[in-house]
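One structure is given below, encoded as structure tokens.
The values are calculated or read from the model by the stated rules, or taken from the named source; none is laboratory data. Just so you know, these numbers come straight off a predicted model, no measurement behind them. Note that each Cβ is placed from the backbone with ideal geometry, even for glycine, and that neighbours are counted across all protein chains shown.
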Amino acid sequence: MDDLLLSGDILYPEGLREGWIYIKEGAIHTVSEGEKPELDGDCRHVEGIIIPGFIDLHTHMGDHLARGAVPPTLEEAVFPGGYKDRKLEQATYEEIVGSISNSIMELRPGVTEALDFREGGKEGMNALREASMKYDMHVIGLGRAARGEDVSEILELSDGLGIPSVTDDLDDIRDLARKDGKIFAVHASEAFRDDIDLITDLEPDLVIHMIKGTRDDWRSLSDESIPVAVCPRSNLSFGLDVPLAEMLEEGLRIGLGTDNSMTCVQDIFSEMECAWNLLHRGNDRGSNPAREVFEMAVGSYIGGSHLKDLISPATRWWERGWPDPGNAPLLSVVRRPEDDRWRKDPFSHIVRCTGQEDLLFTGPGWIVGV
């Protein structure tokens with residue numbers, strides 16, 4: 001792997017600073033402020049705005065093959081026996097591998113880690129592993145047992161369990177995941193409200209959606225430091241409102257997910273822009289919605305939860321000390337505008353005015369263009 005020098009404006013939590021990052025043998029070797037050093041002839045160079053890699057907390061990458069005339073309601077589209085289930089059941093193993101590969105390529109610009117909730121039992125997990133081996137992005141696979149399969153077999157192949165709904169009989173499989181030190185995540189309160197006591201009693205590492213929860217529900221999850229992944233574009237495509245501002249007001253630790261690849265292009269920049277629109281409308285909290293959305297996308301809000309260590313214990317998150325020499329370069333470089341107006345609010349520029357077409361580099365080693 002060629003040595004690589006990234007230079008320009010590094011976006012730290014406390015603001016922009018001119019600097020450079022030298023990557024050697026696939027790891028961050030040196031981080032320094034000031035102008036870039038003289039380049040060695042064998043070193044590649046990318047210059048722009050250096051930002052943390054984004055983390056997509058909720059994907060269903062296999063759904064890519066189900067794109068087309070998706071039904072307009074969540075029940076028809078993704079409930080058991082619905083449109084999505086029928087498409088996946090009709091697909092061959094090779095088609096599912098291809099579907100996941102297409103989703104990864106689509107999501108890859110800007111995203112260095114993603115949690116995929118993999119249907120299809122052992123076969124589904126094998127397809128995810130086969131597809132993701134071709135790419136630098138760290139794909140975290142959360143499986144679920146197919147009919148007749150044992151959950152322990154899924155845990156051997158996966159990074160944890162991604163449960164489709166909350167029921168009162170999940171304690172045993174939760175304990176299996178805990179015993180193996182793996183992630184236990186659940187979907188909850190998407191189309192209708194689930195009992196918050198059932199959710200909190202499970203002590204999940206991550207809850208998906210929670211848009212039909214109440215303020216009391218959100219406060220309960222906040223009190224327990226249980227993070228939530230919201231997926232605005234997918235929910236809105238099914239006519240479901242996403243009360244993002246109200247959820248933040250109750251102290252929820254929130255991250256972003258792109259959810260079903262059949263309903264939306266897997267694009268974290270589009271997801272951020274949508275989340276910003278939700279927070280911006282009627283914003284009377286005196287907050288900076290762009291900064292809040294950016295911190296959702298880089299995982300800042302889940303920093304105080306158990307999930308942080310389960311996802312990427314070697315990663316230095318976007319906090320004081322980032323980026324950390326010795327670790328993989330889980331970061332991106334985006335093109336700088338010719339004028340300097342963006343410097344007044346770099347978060348607004350990244351969240352609202354930057355797209356995948358502006359990516360120059362996404363780590364660990366994928367150079368998009370220069």
So is D9 out of contact with any Leu (no Cβ under 9 Å at 6 or more places or on another chain) and among the charged types (D, E, K, R) or not?
no
Just checking, does region 7-16 include any residue being under 30 Å from H209 (Cβ atoms), surrounded by 24 or more Cβ atoms within 10 Å (Cβ to Cβ) and touching a residue at least 24 places away in the same chain (Cβ under 8 Å)?
no
Within region 155-165, does at least one residue satisfy the condition of being surrounded by fewer than 17 Cβ atoms within 10 Å (Cβ to Cβ) and free of Cβ contacts under 8 Å to residues at least 12 places away in the same chain?
yes
Which one of D309, D284, D223 is out of contact with any Cys (no Cβ under 6 Å at 6 or more places or on another chain), among the acidic types (D, E) and over 28 Å from E203 (Cβ atoms)?
D284
Given (1) out of contact with any strand residue (DSSP E or B) (no Cβ under 9 Å at 6 or more places or on another chain); (2) under 25 Å from I96 (Cα atoms); (3) modelled with pLDDT of 95 or more, number of the condition T263 does not satisfy
(3)
Give me the pairs: first residue in region 276-290 and in the same structural domain as G257 (by TED's automatic domain parsing), second residue of a type in the set (A, V, I, L, M, F, W, C) and assigned to a loop (DSSP other than H, G, I, E, B), beta-carbon distance under 8 Å, and six or more apart or on different chains, which are they?
L278/V242
Which pairs turn up if I take residues in region 134-154 that are within 17 Å of L170 (Cβ to Cβ) and look for partners that are among the aromatic types (F, W, Y) with beta carbon separation below 9 Å, at least 6 apart in sequence or on another chain?
L142/F117; L142/F184; G143/F117; R144/F117
If I filter region 67-99 down to residues being farther than 22 Å from A188 by Cβ and either touching a strand residue (DSSP E or B) at 6+ places or on another chain (Cβ under 8 Å) or among the acidic types (D, E) (or both), which single residue comes out as surrounded by the most Cβ atoms within 10 Å (Cβ to Cβ)?
E95
Exception for Y22 within (1) touching a residue at least 40 places away in the same chain (Cβ under 8 Å); (2) under 16 Å from P364 (Cβ atoms); (3) touching a strand residue (DSSP E or B) at 6+ places or on another chain (Cβ under 6 Å) falls at (1)
Just give me the residues in region 165-204 being part of a loop (DSSP other than H, G, I, E, B) and touching a Lys or Arg at 6+ places or on another chain (Cβ under 9 Å), in sequence order.
S189, E190, A191, F192, R193, D194, E203, P204
For a quick check of your reading of the model, give me the residue pairs whose first member lies in region 240-256 and is over 12 Å from R219 (Cα atoms), whose second is small (G, A, S) and surrounded by fewer than 23 Cβ atoms within 10 Å (Cβ to Cβ), with beta-carbon atoms closer than 8 Å and at least 6 apart or on different chains.
L240/A191; A245/G282
